[in-house]
Amino acid sequence: RHYFTPRTKLSMNEKESFRQSKKWQNFRKKMFTESSRDFVTHKKLRSGYRLHHLDLNPDHYEDVSDPSHFENLNSDIHSVVHKLYTYYKKDPLIIDRLRELLERMKEINS
């Protein structure tokens, strides 16, 4: 028997090749037209912003059929989201601890 083994990762070349395609460029422009603000911070998108894939399955990387699977993020926030997600998927309470830490910082620095 032959079993299908899902891919665990796309190479940077595969991602870059897709990001250069007309399909991606047109979709990215459409998403920017719908919102030129960072989803997390609500700040204006800066040059080099990312159209973030919420679906991390490599087999779905080129699927742009559902716009709800994407959000515009400035590049720094995009990096933070990916870093936090690696912890969040194992321990969702990280968000509560992060909120507590930020609130304490806000109080100390007010």
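State the percentage of accessible surface on the chain attributable to carbon and sulfur atoms; use a 1.4 Å probe and exclude ligands, DNA and RNA. Taking all protein chains in place, the chain shows 55 percent carbon and sulfur surface. Heavy-atom accessible surface of R97, to the nearest 10 Å², is about 120 Å², with a 1.4 Å probe and all protein chains retained. With loop membership from DSSP and a limit of 11 other Cβ atoms within 10 Å, the longest segment of the chain without chymotrypsin sites (Phe, Trp or Tyr not before Pro) is 5-110.
How large is the accessible surface per residue of the chain, computed with a 1.4 Å probe and reported in Å² as a whole number?
Details: 8990 Å² over 110 residues.
Counting only protein heavy atoms, the per-residue value for the chain is 82 Å².
When you restrict to C-alpha pairs under 8 Å that are six or more residues apart and normalise by the size of the chain, the relative contact order lands at 24 percent.
Overall form of the stretch 62-110: prolate. Here a/c, set by the Cα gyration tensor axes a ≥ b ≥ c, is 1.5 or more, and a/b is the larger of a/b and b/c.
Using a probe of 1.4 Å, the accessible surface attributed to T41 totals some 60 Å² when neighbouring protein chains are kept in position.
Computed with every protein chain present, the accessible area of V64 is close to 30 Å² [probe 1.4 Å]. Among the listed values [x] 32, 25, 16; [y] 24, 15, 12; [z] 30, 21, 11, the one computed from these coordinates for semi-axes √(5λ) of the Cα gyration tensor in Å is [z].
Cα centroids of the stretch 77-91 and the stretch 13-75: 17 Å apart.
The values are calculated or read from the model by the stated rules, or taken from the named source; none is laboratory data. Please read all numbers here as calculations on a predicted model, not as lab measurements. Cβ atoms come from the backbone with ideal geometry, glycine included; neighbour counts cover every protein chain shown. Ligands, DNA and RNA are stripped out before the accessible areas are found, and what is left, the full protein with its side chains, is counted by its heavy atoms. Shrake-Rupley method; radii C 1.70, N 1.55, O 1.52, S 1.80 Å.
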